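Here the structure comes first, spelled out in structure tokens, and everything after it is commentary.
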Amino acid sequence: MSAASDLSVSLRDFSANVRAEGRSLVLVLSGNADMAAKDSLDSLLPRMHAEALRIGVAEVQVDFRNLEFMNSSCFKSFVSWISEIGELERSKEYKIRLLSNAEMHWQRRSLHALRCFAVDLISVES
């Protein structure tokens, strides 16, 4: 994988780190994904996507369990990433598994709504 600093974000109230695990990439989010995090997320997701394609992953897991809040602008970043995957040739597509915290009700509603953009590619687990 490229340098870890290329696939991580560390802000005062938000962090995002990508690591490889077997044939998967794992994106761990924590803190608050608000307007202060949007530009970083807009930059990180395409780099992660490029890395997923480069190494030919079968799946990207996105761990939301320690994310307290995500605003609509940051959700739009995820919708853009999902759209990119949906435009790939089938042989290059990879699955997305969203890991949620059942105690955070906003995650259940929001992540299931996000799944609607690509039901064949996205699963949600709590």
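The values are calculated or read from the model by the stated rules, or taken from the named source; none is laboratory data. Please read all numbers here as calculations on a predicted model, not as lab measurements. Every residue, glycine among them, receives a Cβ derived from its backbone with ideal geometry; neighbour counts consider all protein chains shown. These accessible areas exclude ligands, DNA and RNA; they are computed on the full protein's heavy atoms, side chains included. Shrake-Rupley method; radii C 1.70, N 1.55, O 1.52, S 1.80 Å.
Tell me which of these Asp6 doesn't satisfy, since it passes every other one: (1) under 21 Å from Leu114 (Cβ atoms); (2) touching a residue at least 40 places away in the same chain (Cβ under 8 Å).
Going through the list (1) under 21 Å from Leu114 (Cβ atoms); (2) touching a residue at least 40 places away in the same chain (Cβ under 8 Å), Asp6 breaks only (1).
Restricting attention to segment 89-119, and to residues there that are out of contact with any Phe, Trp or Tyr (no Cβ under 9 Å at 6 or more places or on another chain) and among the small types (Gly, Ala, Ser), which single residue is surrounded by the most Cβ atoms within 10 Å (Cβ to Cβ)?
Going through segment 89-119, the residues out of contact with any Phe, Trp or Tyr (no Cβ under 9 Å at 6 or more places or on another chain) turn out to be 89-95, 97, 102-103, 105, 108-109, 112, 115-116, 118-119.
Of the ones still in play, those that are also among the small types (Gly, Ala, Ser) are 91, 102, 118.
Details: Ser91: 6, Ala102: 10, Ala118: 16.
Only one residue fits best here, namely Ala118.
Sort out which residues of segment 83-102 are in a helix (DSSP H, G or I), in contact with a Leu (Cβ under 7 Å, 6 or more places away or on another chain) and closer than 27 Å to Asn32 by Cβ, and write them in order of number.
Within segment 83-102, Ile85 is the sole residue that qualifies.
State all residues of segment 28-65 that are open to solvent by 50 Å² or more (accessible area, probe 1.4 Å) and of a type in the set (Lys, Arg); if no residue qualifies, say none.
Selection gives Arg47, Arg54, Arg65.
Give just the number: which of (1) under 20 Å from Arg109 (Cβ atoms); (2) loosely packed, with under 14 Cβ neighbours inside 10 Å; (3) among the hydroxyl-bearing types (Ser, Thr, Tyr); (4) in contact (Cβ under 8 Å) with a residue 12 or more places away in the chain does Ser73 not satisfy?
(2) is the only condition that Ser73 fails.
Looking at Leu53, Leu27, Leu41, can you tell me which residue is closer than 18 Å to Asn101 by Cβ and of a type in the set (A, V, I, L, M, F, W, C)?
Numbers: Leu53 fails: closer than 18 Å to Asn101 by Cβ; Leu41 fails: closer than 18 Å to Asn101 by Cβ.
Only one candidate qualifies: Leu27.
Is it the case that Glu89 is over 20 Å from Glu125 (Cα atoms) and modelled with pLDDT of 95 or more? Give the derivation first.
Numbers: over 20 Å from Glu125 (Cα atoms): yes; modelled with pLDDT of 95 or more: yes.
The answer is yes for Glu89.
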